[in-house]
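**Q** One structure, as structure tokens, below. Some questions next.
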Amino acid sequence: MSKGRVEAFSDGVFAIAITLLVLTIGQPQRFDDLAAELVRQWPGYAAYMVTFAVIGIMWFNHHVIFGHLARVDAPFLYLNLLLLMTVAFLPYPTGILGEALRHGEGARVAAVAYSIVMTLNAFAWAALWLYASGRRRLLHDSFPEEQRGITTVLFVVGSMVYIVGIGIALINAYACLAFHGALAAYYAVDPISRGLRRERR
């Protein structure tokens, strides 16, 4: 299978997952005071915005990784499917978290579930990179060897950091959501390409 076809299929999954997120915002239960009811929905909006940013940044970084690959093979394809499975699942815990925060019940359990899915997603990213970059299996010849090690460390450490989110979720659901928003902001700067730019100077 060509690299372009795998990337096109992945784009479709990212697009569907990010579109389905809007359905995670609960419908108003009362219409006699609709303005107030819409304001009370703000936890759902917050969960939506954080996860929208997360998926959008994942999509961007997925393209970055594919840009450094010379080819793909069958094991990589399966690892990519595993990653996409976690991405497609994200709207579900997002909806639960938003509703739990809005109702003020079960918020910590919902935040733990959300963080567990995020952690599984992070490990899927690490597995994808470790396989592709191991022994330079799928990388372009132009990818710097020094940067390969740095990038691998970033992926592995980044996966471990997501475990911290589970602990934060046990303490406070709002802090958990803010934590994942902060991680999304970090990955928005694209540490792989940033490191490559430093390498070329």
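The values are calculated or read from the model by the stated rules, or taken from the named source; none is laboratory data. The structure displayed is predicted, hence computed values, not measured ones. Positions of Cβ are generated from backbone atoms using ideal geometry, with glycine treated the same way; all protein chains shown enter the neighbour counts. When the accessible area is computed, the model is the full protein with side chains, heavy atoms only, and any ligands, DNA or RNA have been set aside. Shrake-Rupley method; radii C 1.70, N 1.55, O 1.52, S 1.80 Å.
**Q** If you build a Gaussian network model of the chain, linking Cα atoms that sit under 10 Å apart, which residue out of 141, 11, 33 swings the most?
**A** Of the options given, 33 has the highest mean-square fluctuation.
**Q** Heavy atoms only, 1.4 Å probe, whole protein assembly: order 78, 131 by accessible area, highest first.
**A** 78, 131
**Q** For a quick check: with amide H placed at 1.01 Å from N, whose amide H comes under 5 Å from residue 69's, ignoring anything fewer than 5 positions away on the same chain?
**A** Under 5 Å from the amide H of residue 69 lie the amide H atoms of 140, each far enough along the sequence or on another chain.
**Q** Right, here's the next one. What angle do you read, to the nearest 10 degrees and between 0 and 90, between the alpha-carbon axis of helix 145-171 and the longest principal axis of the chain?
**A** Rounded to the nearest ten degrees, it is 20.
**Q** Using a probe of 1.4 angstrom, how much of the accessible area of the chain is carbon and sulfur, in percent?
**A** Carbon plus sulfur share of accessible area: 69 percent.
**Q** Oh, and also: Can you show me the helix-derived [θ] at 222 nm for the chain, built from DSSP H runs with n ≥ 4 at -39,500 (n - 2.57) apiece and divided by the number of residues, rounded to the nearest 500.
**A** -27000 deg cm²/dmol
**Q** Could you work out the percent of alpha carbon pairs in region 1-57 separated by over 16 Å, rounded to a whole number?
**A** Counting every Cα pair in region 1-57, those more than 16 Å apart make up 55 percent.
**Q** Over the Cα atoms of the chain, how large are the radius of gyration and the largest Cα-Cα distance (Dmax), in Å?
**A** 18.4, 64
**Q** Could you compute the FRET efficiency for residue 127 and residue 170, with r as their C-beta to C-beta distance and R0 at 41 Å, rounded to 0.05?
**A** With a Förster radius of 41 Å, E is 0.95.
**Q** Counting each pair of different Cα atoms once, what's the Kirkwood radius of region 34-80 in Å, rounded to one decimal?
**A** Computed over region 34-80, the radius equals 13.5 Å.
**Q** Give me the accessible area of residue 19, 1.4 Å probe, in Å² rounded to the nearest 10.
**A** Ignoring ligands and nucleic acids, residue 19 comes out at about 90 Å².
**Q** Would you check the accessible area of residue 177, probe 1.4 Å, heavy atoms only, in square angstrom rounded to 10?
**A** Spelled out: residue 177, probe radius 1.4 Å, area about 10 Å².
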